[in-house]
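*Asks:* What follows is a single structure, and I will ask about it in a moment.
The values are calculated or read from the model by the stated rules, or taken from the named source; none is laboratory data. This one's a predicted model, so the numbers in the text were calculated from it and none came from an experiment. Don't worry about glycine lacking a Cβ; one is built from the backbone with ideal geometry, like all the others, and counts go over all protein chains shown.
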Amino acid sequence: QKEVEQDPGPLSVPEGAIVSLNCTYSNSAFQYFMWYRQYSRKGPELLMYTYSSGNKEDGRFTAQVDKSSKYISLFIRDSQPSDSATYLCAMSANNDYKLSFGAGTTVTVRA
Amino acid sequence: DTAVSQTPKYLVTQMGNDKSIKCEQNLGHDTMYWYKQDSKKFLKIMFSYNNKELIINETVPNRFSPKSPDKAHLNLHINSLELGDSAVYFCASSQRDMMNTEAFFGQGTRLTVV
């Protein structure tokens, strides 16, 4: 079993829809949670960063962390065609010198 | 003024050759990484360096040898390339303060071994 599980999709939604992405993990030591967006043939770029449990909102993006369930989510409101990309969850523990990634979910927003 | 830059962007080479990928970051970070992304987009850590010191070597074959001449640079040398080494290699950097572990990635080097 992988340390971080993420449904690879693909996920196709119409423009304006809410996109819901999630990851589960097994390592209870994880404290730092990130979402990266990766466009085709580009490097991952950081979208959201959360420490421990809770919610964080940034524009159309909301990240949620539920450590008790070992479950994290990313919501994209009013999705746009420009949101079409692969979304990767990543996490690390204190004193970790690496990120553990999910497999990535490919999202297509149809105009 | 790219934050994390790596060269080359594309690399096509024959089996058995030796090649190097270079990485530089201008963010002033103290930690740098090499990740490998396979054809299914899964990103896996290979090495991490903190202040030029090797911290993580994640069961990578000895044919892969990272070198960090200073905190801003982390190069990757690969000997005797094999078909299975074909992948995208990403360099990344971060600052290892408490509560601040997010990594910033370069654009990747797409390595194809033929």
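*Asks:* Those residues that are in contact (Cβ under 8 Å) with a residue 40 or more places away in the chain and over 11 Å from the mean Cα position of the chain (by Cα), I need them from the range A:70-83; list them, please.
*Replies:* Correct list: A:LYS70, A:ARG77, A:ASP78, A:SER79, A:GLN80, A:PRO81, A:ASP83.
*Asks:* Further question on the same structure: Scan the range B:27-43 for residues that are over 20 Å from B:LEU54 (Cα atoms) and either of a type outside the set (S, T, N, Q) or more than 10 Å from chain A (Cβ to nearest Cβ) (or both) and jot them down.
*Replies:* Correct list: B:ASP38, B:SER39, B:LYS40, B:LYS41, B:PHE42.
*Asks:* Output the residues belonging to the range B:1-26 that are within 12 Å of chain A (Cβ to nearest Cβ) and either in a loop (DSSP other than H, G, I, E, B) or exposed (fewer than 13 other Cβ atoms within 10 Å of the Cβ) (or both).
*Replies:* Listed by number, the residues that qualify are B:THR2, B:ALA3, B:LYS9, B:TYR10.
*Asks:* B:TYR89 passes all but one of (1) away from every other protein chain (no Cβ under 13 Å); (2) out of contact with any Pro (no Cβ under 7 Å at 6 or more places or on another chain); which number fails?
*Replies:* (1)
*Asks:* When the range B:82-111 is examined, which residues are found to be assigned to a loop (DSSP other than H, G, I, E, B), surrounded by 23 or more Cβ atoms within 10 Å (Cβ to Cβ) and at pLDDT 95 or above?
*Replies:* Answer for the range B:82-111, where residues must be assigned to a loop (DSSP other than H, G, I, E, B), surrounded by 23 or more Cβ atoms within 10 Å (Cβ to Cβ) and at pLDDT 95 or above: just B:GLY106.
*Asks:* Let me ask something additional. Can you give me the ranges of the strands (runs of 3 or more DSSP E) entirely in the range A:7-111 with at least 3 residues that are within 14 Å of chain B (Cβ to nearest Cβ)?
*Replies:* Per the criteria, A:30-38, A:45-51, A:54-58, A:85-93, A:105-110.
*Asks:* How many residues does the range B:48-63 hold that are more than 9 Å from chain A (Cβ to nearest Cβ) and either surrounded by fewer than 17 Cβ atoms within 10 Å (Cβ to Cβ) or under 10 Å from the mean Cα position of the chain (by Cα) (or both)?
*Replies:* Adding up the residues that qualify gives 9.
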